Amino acid sequence: MNVFNTILILAAAFLAVFGEAVLGAPRNLLGAQIDLLPALMVYAALSSDMVTVSLLAVAGGLWFDSLSANPLGITIVPMMAAGFPICLRRDLILRGLPFAQLVLGAAASALVPALTLLFLLNSDRQPLIGWGTLWQLIVMAAGGAVATPFLFSLFGWCGQALGYKPRIETSFRPDREIQRGRKQHVSH
């Protein structure tokens with residue numbers, strides 16, 4: 001895996017966290033904030049290595065927690081719990097299918113806030129839980145499900161537009177002819 005993809009993923013995570021903090025219209029319209037980090041984690045787990053997944057979990061979790069009411073670092077473990085199993089079993093996942101991306105995005109987008117809520121309940125914090133919490137989990141899962149195939153296509157386009165494909169060169173030249181057999185000397 002190249003460094004360009006890792007930098008692109010981390011930059012997208014930073015922009016996603018910043019956008020979620022600045023843009024209040026989706027939160028006001030839907031009654032819940034759509035979190036793009038779990039969808040980005042699914043992309044990173046299916047297309048990068050374990051180092052990129054770990055960097056995204058730590059950096060994205062810290063960035064998210066620094067701009068929310070969460071204690072600093074509480075989102076790191078749920079992000080890792082969403083990314084590591086996908087990264088370890090990515091050989092078995094049909095990563096090119098939008099339906100698989102949609103299902104994994106929904107699962108990760110439901111798992112990360114649920115685990116974060118579980119960790120908050122086990123700490124000294126007292127989060128508000130009610131029927132609105134169920135609505136927020138549904139909106140977050142649906143938003144992550146829709147965002148994941150979009151992220152795959154966005155990063156595919158960025159990879160083609162900004163990246164390069166290594167040129168594969170062979171030692172075979174089509175204009176060269178190989179002569180086989182022994183050379184016979186002709187004497188005059």
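The numbers here are math on the coordinates, done by the rules we state, and not lab data. The model shown is predicted, which means the values in this text are computed figures rather than measured ones. Positions of Cβ are backbone-derived with ideal geometry, glycine not excepted, and every protein chain shown enters the neighbour counts.
Using only side-chain charges placed at the Cβ, +1 for Lys and Arg and -1 for Asp and Glu, the dipole size of segment 1-96 relative to its Cα centre rounds to 160 debye.
Rg over Rh for segment 3-164 works out to 0.95, using Cα positions for both radii and the Kirkwood form for Rh.
This model, with +1 at the C-beta of Lys and Arg and -1 at the C-beta of Asp and Glu, gives the chain a dipole about its Cα centre of some 980 debye. When you restrict to C-alpha pairs under 8 Å that are six or more residues apart and normalise by the size of segment 3-104, the relative contact order lands at 27 percent. One compactness figure for segment 58-121 is 1.22, namely its Cα radius of gyration divided by 2.2 N^0.38 Å. Relative contact order of the chain: 24 percent, from C-alpha pairs under 8 Å at least 6 residues apart in sequence.
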